[in-house]
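Chemist: Quick one: structure below, then a few questions.
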Amino acid sequence: MERDTPKRWRNGPVSEDTMRVGILGSGLMGAKLWTIFARAGHDVVFSYARGKEKLERLARDSGGTARAGTPREAAQEAEALLLAVHWSHVDDVLTQAGDVSGKVIVTCSLPLNAANTELVVAHTSSGAEALAAKVPKAQVVAAFQTIPSEVLFDVFEARGKATRPSLVYCGDQESGKRVAATLIRDAGFDPLDVGPLRIARYTEPFGLLVGQLAYDGDGGPELAYRFERFGR
Ligand SMILES: NC(=O)c1ccc[n+]([C@@H]2O[C@H](COP(=O)([O-])OP(=O)(O)OC[C@H]3O[C@@H](n4cnc5c(N)ncnc54)[C@H](OP(=O)(O)O)[C@@H]3O)[C@@H](O)[C@H]2O)c1
C-alpha cells in the first residue's frame, strides 16, 4: 500500500504526529472518526460495510482525504487500528483483517447484545479485555466508547475554541496508550488516562450511562463530559 499524503484541511491544527490509521467499521462511529482523523492529517484507510457502494461513496465524499479498502488493506500497514463494529461482528472483522500482531487497536466497540440493551461481558471482564485475549500480540486500548457519535464533529470543530471535553481511555501498554492519546487529542478531546485495560470494566458501563443521557435524556445526543477537580 502506498503512503499517499492526504489533503489537509486548512481550517484547523493538523496533528504533529501523523500516522497510518486503519478503520474497521464504517458506521456511525467509524465513518465519523475516519473523517476526523483524516482531517487531522492522518493517512486513513477505512473498511467494513455490508456493501462496497457505501464505502466508495464515503471515499468520494471525503474529497480524497481517505481511502476505502478491505479490512485486510486497512490493517496491513496501519500503525493504529480503530475497531468500530457491533460486538457480534468483532470475530468476523478480525478474521478479515488478518494478522494484527504489533498493531495498536483502539476499540470503541462496547460488548452489547443484539438489541444494544445489555453488556454481554461485564463485572469480571470487559469487551476490551475479551478483545485483547483474541489478539494477544496486539496492543488494545479502550477509547471512544464513552461518547455518542452525534457529538464527534462538534467537538472536532470546537478544538482550540472551547474547553475540551474529557475522553477516558485505558490500556496495558504505554506505547499503545500514547498512540490512542494522540488520536483522542486530534479529535478535539482531552485524553484522560484511567489506567490498565481492566478499568474498561468501569468505562464500558459508563459508556451506557452516557448513551442513556444522550438518547433518553432531554437535551439530545450532542453530549460530551468533562471531569473537574475541586478543592485544591
Ligand atoms: N454509535 C455510537 O454513538 C457509539 C458510541 C460509543 C460506542 N459505540 C460502539 O461502537 C461500535 C460501532 O458502533 P456504530 O454505531 O458505529 O455501529 P454501526 O453504525 O452499526 O456500524 C457498524 C459497521 O459494521 C458494518 N457491518 C455490519 N454488519 C456487517 C457485515 N455483516 N459485513 C460487513 N460489515 C458489516 C456496518 O455496515 P453498514 O454501514 O453497511 O451497515 C457498519 O459499517 C459498537 O460496538 C458500539 O457499541 C457506538
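A short reminder: the numbers here are calculations on the coordinates, not readings from a lab. Bear in mind the structure is a predicted one, so any value in this text is a computation, not a measurement. Glycine also receives a Cβ, built like all others from the backbone with ideal geometry; neighbour counts cover every protein chain displayed.
Chemist: For the stretch 134-155, which residues satisfy the criterion of being over 11 Å from the mean Cα position of the chain (by Cα) and under 18 Å from Ala84 (Cα atoms)?
Modeler: Lys134, Val135, Ala138, Gln139, Val140, Pro148, Glu150, Val151, Phe153
Chemist: Still on this structure, I have one more. Can you tell me how many residues within the stretch 50-64 are part of a loop (DSSP other than H, G, I, E, B), without any contact (Cβ under 8 Å) to a residue 24 or more places away in the chain and surrounded by 14 or more Cβ atoms within 10 Å (Cβ to Cβ)?
Modeler: Residues flagged as part of a loop (DSSP other than H, G, I, E, B), without any contact (Cβ under 8 Å) to a residue 24 or more places away in the chain and surrounded by 14 or more Cβ atoms within 10 Å (Cβ to Cβ) within the stretch 50-64 amount to 0.
Chemist: Need pairs with beta-carbon distance below 7 Å; first residue over 25 Å from Thr182 (Cβ atoms) and within the stretch 79-104, second not in a loop (DSSP other than H, G, I, E, B); sequence gap 6+ or separate chains.
Modeler: Close Cβ pairs (under 7 Å, with a partner that is not in a loop (DSSP other than H, G, I, E, B)) amount to Trp87/Leu112; Trp87/Gly127; Gln96/Pro71; Gln96/Arg72.
Chemist: Looking at the stretch 28-44 only, could you name the residues that are within 14 Å of the ligand (Cβ to nearest atom) and crowded, with 16+ Cβ neighbours inside 10 Å?
Modeler: Met29, Gly30, Ala31, Lys32, Leu33, Trp34, Thr35, Ile36
Chemist: Next question, about the same structure. Which number in (1) surrounded by fewer than 23 Cβ atoms within 10 Å (Cβ to Cβ); (2) more than 16 Å from Gly27 (Cβ to Cβ) marks the one condition that Val90 misses?
Modeler: For Val90, the failing item is (2).
Conditions tested, residue by residue: (1) in contact with a Phe, Trp or Tyr (Cβ under 6 Å, 6 or more places away or on another chain); (2) among the charged types (D, E, K, R).
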| position | (1), (2) |
| --- | --- |
| Thr163 | no, no |
| Ser166 | yes, no |
| Gly171 | no, no |
| Val179 | no, no |
| Gly195 | no, no |
| Arg201 | no, yes |
| Val210 | no, no |
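Chemist: Follow-up. Suppose we filter Leu131, Leu119, Leu197, Leu223 for residues that are in contact (Cβ under 8 Å) with a residue 40 or more places away in the chain, under 19 Å from Val90 (Cβ atoms) and surrounded by fewer than 19 Cβ atoms within 10 Å (Cβ to Cβ); which single one remains?
Modeler: Checking each option against the conditions leaves just Leu119.
Chemist: I would also like to ask the following. Within the stretch 158-180, does at least one residue satisfy the condition of being within 15 Å of Lys32 (Cβ to Cβ), free of Cβ contacts under 8 Å to residues at least 40 places away in the same chain and surrounded by fewer than 18 Cβ atoms within 10 Å (Cβ to Cβ)?
Modeler: Checked against the condition, which is being within 15 Å of Lys32 (Cβ to Cβ), free of Cβ contacts under 8 Å to residues at least 40 places away in the same chain and surrounded by fewer than 18 Cβ atoms within 10 Å (Cβ to Cβ), the stretch 158-180 yields at least one hit.
Chemist: Are there any strands (runs of 3 or more DSSP E) wholly within the stretch 65-157 with 3 or more residues that are farther than 23 Å from Gly207 by Cβ, and if so which? Talk me through it step by step, then tell me what you get.
Modeler: Numbers: elements: 66-68, 80-83, 104-107, 139-142.
Where strands (runs of 3 or more DSSP E) fall fully within the stretch 65-157 and carry at least 3 residues being farther than 23 Å from Gly207 by Cβ, they are 66-68.
Chemist: Oh, and also: Within the stretch 53-105, how many residues turn out to be within 11 Å of the ligand (Cβ to nearest atom) and within 29 Å of Cys170 (Cβ to Cβ)?
Modeler: Residues meeting the conditions: 13.
Chemist: Can you work out which of the residues in the stretch 173-230 that are acidic (Asp, Glu) and away from the ligand (no atom under 16 Å from the Cβ) is nearest to Ala132 (Cα to Cα)?
Modeler: By that ranking, first place goes to Glu174.
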